[in-house]
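The values are calculated or read from the model by the stated rules, or taken from the named source; none is laboratory data. Remember, predicted model here, so these are calculated numbers, not experimental data. Note that we place each Cβ from the backbone using ideal geometry, even for glycine, and neighbour counts take in every protein chain shown. Calculation scope for accessible area: heavy atoms of the full protein, side chains included, ligands and nucleic acids excluded. Shrake-Rupley method; radii C 1.70, N 1.55, O 1.52, S 1.80 Å.
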There are 2 protein chains.
Amino acid sequence: MKKTFTLSFLALSAFAQAQQQNISGFSSASAATELQHEKQFDQSLSAKRIGESIKQLSAYPHHLGSPGGKAVADAILAKYKSFGLDAHIETYNVLFPTPKTRVLELQGATPYTALLKEPALAEDATSGQEGQLPTYNAWSADGDVTGELVFVNYGLPDDYDQLQKMGIDVKGKIVIAKYGRSWRGIKPKVAYEHGAIGCIIYSDPKDDGFTQGDVYPKGAYKNEYGVQRGSVMDMVIYPGDPLTPNVGATKDAKRLDRLEAPTILKIPVLPISYHDALPFLKSLEGQVAPSDWRGGLPITYHIGPSKSTVHLKLAFNWDMVPCYDVIAKIKGSKYPDEWVMRGNHHDGWVNGASDPISGQAAMLDEAKAMGDLLKTGWRPKRTIVYCSWDGEEPSLIGSTEFAEDHAKELQQKAVVYINSDSNGRGFLNAEGSHALENFMTEIEMAVTDPQTKVSVYDRGKARELVNTPSAKGKKEILDRKDIRLGALGSGSDYSAFLQHLGITTLDLGFGGEDPTGDYHSIYDSYDSYVRFKDHDFMYGPALASVAGRATLRMADADVLPFDFRSLCSTIDRYSKEVQELANQMRESTAMNNSLIKSNQYTLAYDPDMHLPQPEIKSEVPTIDFSALKTALETLKQSTDKLDTEWEQAAQSGKDQDKLNQKLYRAEQQLLYDGGLPRRPWFKHTIYAPGFYTGYGVKTLPGIRESIEQRNWPELQQQIAIAAKSITQLATYLGSE
Amino acid sequence: MKKTFTLSFLALSAFAQAQQQNISGFSSASAATELQHEKQFDQSLSAKRIGESIKQLSAYPHHLGSPGGKAVADAILAKYKSFGLDAHIETYNVLFPTPKTRVLELQGATPYTALLKEPALAEDATSGQEGQLPTYNAWSADGDVTGELVFVNYGLPDDYDQLQKMGIDVKGKIVIAKYGRSWRGIKPKVAYEHGAIGCIIYSDPKDDGFTQGDVYPKGAYKNEYGVQRGSVMDMVIYPGDPLTPNVGATKDAKRLDRLEAPTILKIPVLPISYHDALPFLKSLEGQVAPSDWRGGLPITYHIGPSKSTVHLKLAFNWDMVPCYDVIAKIKGSKYPDEWVMRGNHHDGWVNGASDPISGQAAMLDEAKAMGDLLKTGWRPKRTIVYCSWDGEEPSLIGSTEFAEDHAKELQQKAVVYINSDSNGRGFLNAEGSHALENFMTEIEMAVTDPQTKVSVYDRGKARELVNTPSAKGKKEILDRKDIRLGALGSGSDYSAFLQHLGITTLDLGFGGEDPTGDYHSIYDSYDSYVRFKDHDFMYGPALASVAGRATLRMADADVLPFDFRSLCSTIDRYSKEVQELANQMRESTAMNNSLIKSNQYTLAYDPDMHLPQPEIKSEVPTIDFSALKTALETLKQSTDKLDTEWEQAAQSGKDQDKLNQKLYRAEQQLLYDGGLPRRPWFKHTIYAPGFYTGYGVKTLPGIRESIEQRNWPELQQQIAIAAKSITQLATYLGSE
């Protein structure tokens, strides 16, 4: 057994070396040139310069609509131009709320008024600056509410199921939820769906504070006053400017009335620190919270309701502000109308040294290296487009408005969209369209990890091997050559490209060794970045090398390195997952209903607790997945056939133009024009952010969410829709 | 599917009703009489009287060797006599250390002297009494040590493996460990094995304090000053008086020198509250503790070592004290030399209202009900022996000395030993010898749960069904008629009977709905019992009804209701477990060694942490389990044959005496005279307390622990020993 493993390592290593000479999509001759370009490209990158960029661009608060934001956009524009790129700013006019009034009070016997303020620290030079946005959740409703308080754990649907089991109702009450486990916007949305009149979100020290490690400024973790700002827009309906869904927020765009915009919250929401949360949590009475709900504060966590009432008053300036996207191009020599797009946002909630400047600075160094290559006479075959987005933090505004504004052109021209955001020390996280698994595998094998000097591929594999508990699981990892790309949900600027337009997408970033607590706070600063994150900025060049290589190879490939067999096997895996999900749910529903009817829960509960029985759930019918299975068989035949065609074109050098066009527009076949149920903006039938997870992806989302939400008629429709789009892709790929 | 489940319930219910008329081991005629006796027995029981006994016997501190302990023994003796039983006290002379000096100090910049004191509370009438034992761990060494402090999580072998991975050594240092996850005595023993010079054990609020629920006296959980006293003797070597292993601690017994007694700890050990622990934990520096090590205090848990030193000074009075076992008999009419034994200890660490008086009071009511039956003219066929043990808390002293003193007689006469200890509200926990699974199933079906009015069997089944996550697991539970008895490790007075003498054993007690925090503290009082535990004392009669019924049926059965087919299938399950354990360990060792050799761990770790590679472990050889498998096949044939013999004897009424003797002495065949490796006192080859778990059972202990400790030569020996004892049992049961 041991011998086998050793052989596997050797085999992989030899394979990796061979790969250095071959690049999918390049002939031997063009591969040699490409490798030469990549070498020059890498030599242009500079950790020192990236560190300087981070310092420069995070020197002042620079949120959407702020003077600092404009200054950062201008600085980026100047940089692109200085590198020799053709750059300009595209401006959109978008709604952006900032706080006017913020009051949170505990009333009654032991009153408390929340501080709602992060203090300046001597150890953090930028923490006391003017122009910082106060702690708040953008897109909260204006409101002035008073009510009893209930603790709802992370505020997710399962938590309300648990509350129901405990006999607790939040109607007419204010809820307090912990940050974590979902995108924050889900918490007030679900609270509202359950009748709550207000929502407080706090960072519990167990998830984000002293339980995790020493707190700032001694360590990197959240101190008692730290607050996570952030958007709570209902972005799973649609992201971007809430007044202009589906169209760019140009000056003259037709706009919704603000009060009709479906993505703006209906109740007031406020994020607070754990210092501020403590008196509120202490005021709760009633049952003790279930063990996995309890946090790290030195109290017994109760569910509530509180005896004392809570007063929450919020009002916002609902201003229209300019949103500055900086766009820089290098025109393609052979295929100027095929665009390889690369993006990272530039706006932060405050100084944003990590989020997003660490990624932005790396991307700018990438653009500089491209500029240096240009000076040597190189021209990319395809057009390269660098995009520094504004307004990502409030709701992916800059990227979404750009994508909506240029939708038709992008669907014609965009070969790929390669995104990044915050960058840190450690391991590459690569997510995206599954036709690019082999492509990314080759790139990870070609780039060296700066700390260990092995390839990024080998380092990622090592982590996967060590973290997988079973020997069987480890064996599977050893046996798999290609990396697995994670599927994309949401949370950064790729959403509109992938899920609205069907453009093949990648999202790249290093991390895993950066302690965190600064996220969306005034402490996301240069000072904290150099102490606790990528201290020597060495992962800046690493990201630039990975993303720049992806950009270069896509721009210069003879035949685009898309392999839809990976996509096919991935969808097949998802298909098996949803079938298994339905089967398990059928079995467990039948069993649980039977246990409820025969009184087993009542007998199992402590009678002193007076708990209600769980509710009977609708039985899961037999579900016909045959259309999906048939579609996948068709896709398999079609992708196998395409592979032959691809190999022929690559070897013969003939018919490449038409094939390339077919390849890069293929993912659009997976769009369904009607979109997902109750959120038509999201048109991709394979990937979407979850309706109740937010950032977290749901694959085969129409099918999976119908099952999760026990909507059986809709499930049958969604199977048909997914099957149709998969068949459509098969037909498209199979056509000459 | 639903229909099937419903049918299962109905089927079980009908089965349960039918059972009411039949009792295994009784002819129809004697079953009718027996049921009549059981009905009368139940009518004699009184929750009110049990409550009064709890109040009376927990009115003063009554630990081993105390005036209160003598008074409790005398009160119990008087009760037995008043019920009409033939009672006396057997006295042993045993070593028992009590504290003379207790000092724990943090030195350095922020010095702290530990309080080591639980305060009296107005809400708890007995909490301020004279005569309480101070907070301490009995059998700590005398010592005066000073050193740096290291946090070792729960102080178990795996925790030291983790420390090794983090590059931390405890040699020459004092360790601080959390209570929990093992018997407390394991923590200082493992610390000593790793070179520590002292050990502090504290109750972390996450496991035992405010994280769990409101603290005493507001709620039941441990307040910041509460301390768990307890023995840290190395009882997995042998329990009982450390000076008299294998023999009764009679006045003239030959005794070891105290300093040679192998079960007394070699380093000083002290338990403390979380109030006292906080300054010590705060003093720790170095790496942050792994996430699952972190407790509920509002600090970042570090591993250490501390910058400041810790001073621990302990000295004890090593006194010889009398140990009073109260023994009460009802002589058998037909088989006076067959003894049905029933026991529960009477000593507490302080007032001990829950531990052990709740169980003792129920047992006394049982004895009273037996006395009432005697008055109606009933006489048991077999002799019934009630035992109220002293000295259980320090190390099962009273029961162990009695068992060692009367070893030969007990191996001749004892049909069964039925133990109980603390009793509470909720569900029956039944553990013991697996030949009694069907016997206990019938009893659980016959006794009504006082809160829900269904049978104890149905209530236990309901909890099992609700707590089992998968539908498949639930289905298995529905399909299984017999309850499963848990296997016995240690922690109460059954150890000597089962594991030293091979007497068939049961341990019974209700619980699961009692919040706890009072364990071994001054707050284990009548006041806390009536507020937070079995508030109406209704589970007192429930325990008396279960254990009394078991006693009555064993005493009056025509043919003893032992079914060794259950034992056979249980050992077969254990056999499969240990084979699977060895296989998994072989696979994971080979894999991990291979990953270590190919540098995967180093690549996966954060280089900034400077972590050492894990150590290469010895490869697991191929292990020959065939002797064990063959032995089990032989046992299966033999137990199937015995079943026929049993049925014939039961129906014909013939040859019962000889069969009965064979049945009740059978478990002794599973003893191996040489005992377990390095602890020959433990002779049972199927059940033992784990060498590194303490209370927690290891089944097939010789085999399982050889695998866990990677001792391959010993493993092969232990397979042979277990196979031999199983074959021996098979031959014994198969003989005419």
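Details
- Among the residues of segment B:148-171, those that are open to solvent by less than 10 Å² (accessible area, probe 1.4 Å) and over 28 Å from the mean Cα position of the chain (by Cα) comprise B:149, B:150, B:163, B:170.
- Those residues of segment B:586-618 which are open to solvent by 30 Å² or more (accessible area, probe 1.4 Å) and aliphatic (A, V, I, L, M), in sequence order: B:609, B:611, B:616
- Leading residue by the ranking (farthest from residue A:295 (Cα to Cα)) among those in segment A:215-244 that are of a type in the set (Gly, Ala, Ser) and in a loop (DSSP other than H, G, I, E, B): A:240
- Of everything in segment A:214-229 that is within 25 Å of the chain's Cα centre (by Cα) and of a type outside the set (Val, Ile, Thr), the residue that is farthest from the other protein chains (Cβ to nearest Cβ) is A:229.
- For segment A:538-550, the count of residues that are within 21 Å of residue A:51 (Cα to Cα), within 14 Å of chain B (Cβ to nearest Cβ), open to solvent by 10 Å² or more (accessible area, probe 1.4 Å) and modelled with pLDDT of 95 or more is at least one.
- Residues (among the polar types (S, T, N, Q) and either under 30 Å from residue A:536 (Cβ atoms) or at the interface with chain A (Cβ under 10 Å from one of its Cβ atoms) (or both)) located in segment B:584-632: B:584, B:588, B:589, B:592, B:593, B:594, B:598, B:599, B:600, B:602, B:613
- First in segment A:194-222 and more than 18 Å from residue A:147 (Cα to Cα), second anywhere and at pLDDT below 95 and among the β-branched types (Val, Ile, Thr), Cβ under 9 Å, 6 or more apart: A:208/A:516; A:212/A:516; A:220/A:516; A:221/A:516; A:222/A:516
- Filter result for residue B:327 (assigned to a strand (DSSP E or B) and open to solvent by less than 10 Å² (accessible area, probe 1.4 Å)): yes
- Only a single item in (1) open to solvent by 10 Å² or more (accessible area, probe 1.4 Å); (2) small (Gly, Ala, Ser); (3) part of a loop (DSSP other than H, G, I, E, B) is not met by residue A:304, and it is number (1).
- When segment A:131-169 is filtered for residues that are free of Cβ contacts under 8 Å to residues at least 60 places away in the same chain and either assigned to a loop (DSSP other than H, G, I, E, B) or touching a strand residue (DSSP E or B) at 6+ places or on another chain (Cβ under 8 Å) (or both), the ones remaining, listed by number, are A:134, A:152, A:154, A:155, A:169.
- Residues of segment B:196-214 that turn out to be open to solvent by less than 30 Å² (accessible area, probe 1.4 Å) and assigned to a loop (DSSP other than H, G, I, E, B), as a count: 7
- Subset of segment A:450-481 that is outside any helix (DSSP H, G or I) and at the interface with chain B (Cβ under 8 Å from one of its Cβ atoms) - its residue that is surrounded by the fewest Cβ atoms within 10 Å (Cβ to Cβ): A:470
- Enumeration of residues in segment A:408-449 that are within 14 Å of chain B (Cβ to nearest Cβ) and either open to solvent by 30 Å² or more (accessible area, probe 1.4 Å) or at negative phi (or both): A:424, A:425, A:427, A:428, A:444, A:448, A:449
- Some residue of segment A:278-298 being within 14 Å of another protein chain (Cβ to nearest Cβ), under 23 Å from residue A:184 (Cβ atoms), open to solvent by less than 40 Å² (accessible area, probe 1.4 Å) and among the charged types (D, E, K, R): yes
- Condition met for residue A:129 (within 25 Å of residue A:391 (Cα to Cα), at pLDDT 95 or above and in contact with a Pro (Cβ under 7 Å, 6 or more places away or on another chain)): yes
- Hey, residue B:52 assigned to a helix (DSSP H, G or I), at pLDDT 95 or above and either within 14 Å of chain A (Cβ to nearest Cβ) or in contact with a Leu (Cβ under 7 Å, 6 or more places away or on another chain) (or both) or not: no
- Neighbours by Cβ (under 6 Å, 6+ apart or cross-chain): first from segment A:602-615, within 18 Å of residue B:455 (Cβ to Cβ); second in a helix (DSSP H, G or I): A:603/B:459; A:603/B:462; A:604/B:462; A:604/B:463; A:604/B:466
- Single condition residue B:256 does not satisfy, out of (1) of a type outside the set (D, E, K, R); (2) part of a loop (DSSP other than H, G, I, E, B); (3) more than 14 Å from every other protein chain (Cβ to nearest Cβ); (4) within 27 Å of residue B:350 (Cα to Cα): (4)
- Residue in segment B:172-191 that is more than 14 Å from every other protein chain (Cβ to nearest Cβ), in contact (Cβ under 8 Å) with a residue 24 or more places away in the chain, open to solvent by 10 Å² or more (accessible area, probe 1.4 Å) and more than 25 Å from the chain's Cα centre (by Cα) present: yes
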